[in-house]
Amino acid sequence: MSQEMVAGIDLSVRNYQKIEKGETYPSFKSILIISKNLNIPPAKLFELPSLKYLNTPPTKSKF
């Protein structure tokens, strides 16, 4: 999906690019716009794959 499609008509592409590069933080409104254009719930934008495993108990070694 292109940056233009994610930004849509309510968010400038330049502002979206700054968010994507980490040059600025998104406003609440920007988060809602981006999640709407991606067709996902806003909370999904905050999921970090590496944090899924923090609550997983360590496995026992076979050795």
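What follows draws every value from the coordinates through simple rules; no lab data is involved. In this text, all values refer to a predicted model and were calculated from it rather than measured experimentally. Backbone-built Cβ (ideal geometry, glycine too); neighbour counts: all protein chains shown.
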Problem set entry | Ranked packing of 12-19, 29-36, most packed first, by mean Cβ within 10 Å | 29-36, 12-19
Exercise. What number comes out for the charge environment of residue 27, summing +1 per Lys or Arg and -1 per Asp or Glu over other residues with Cβ under 13 Å away?
Worked result: +1
Problem set entry | Computed over the stretch 3-55: relative contact order in percent, which uses C-alpha pairs under 8 Å that are six or more apart | 32 percent
